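Undergrad: Got a structure here, written out as C-alpha cells. Questions coming.
Read-outs throughout are calculated quantities, based only on the coordinates presented, and are distinct from any laboratory measurement. These figures come from a predicted structure and were not determined experimentally. Positions of Cβ are backbone-derived with ideal geometry, glycine not excepted, and every protein chain shown enters the neighbour counts.
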Amino acid sequence: MRAAPLSRRTLLGLLPGLALACWAGRAEAQSITPQNAPRYFRIDSQSGLDRKGRASVWGYVNLNSSGLGSARVRLLVETLDAAGQPIASEIVYLDTEVAFSGRTFFEVRPKTPGASYRVSIHSGDWTRTGGGGI
C-alpha cells in the first residue's frame, strides 16, 4: 500500500516548523571549556576561614555581556602550596545558573587546606540563548 502524496497546503504548513527547527539547531552554542571560558567569564575569589575555622574559598562568577545567554558552570578549585604549585584540586558544581550579564555567588570548603587557592572554570553548558554572538 502506497502512502498518499502530501498536498501543497500540507507542505506549506510544514515549512515554518522546518525553518524554526533549522534555526534552533544553529542556535546551539558550543560547550564551555577552560580554553574559551576567559572570553565569557570573570571569577572574583578570596579565601579565609569560616566561623568554624575551616578553610573556605568564596566569590562570584561573572558572565560578560558577550556570552551566549545563561550558563551552568563547574569550577576547578586548586589548592596551592607556599610556592604556588597545585597540591590538590576538586571540581565544584554551582547550585544556580550564571545569568546573562550577571553574577553568581559561590562558596567552597576545600578538602585539602593550603597556602592559597586558584579558582577557574572547569566546564559548563549554555542553558539559554541570548545576548551577543561568538
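Undergrad: Which stretch or stretches of region 66-96 have amide N atoms under 16 Å from the point lying 7 Å from residue 46's Cα along the Cα→Cβ direction?
TA: Counting only backbone N, you get no residues.
Undergrad: Mind giving me the nanometre distance, one decimal, between the label points for residue 30 and residue 54, set 7 Å out from Cα along Cα→Cβ?
TA: So the two model labels end up 3.8 nm from each other.
Undergrad: If R0 is 25 Å, what FRET efficiency do you get for residue 116 and residue 62 from their C-beta distance, rounded to 0.05? Can you show the working numbers first?
TA: Working: r = 21 Å, r/R0 = 0.83.
Approximately 0.75, to the nearest 0.05.
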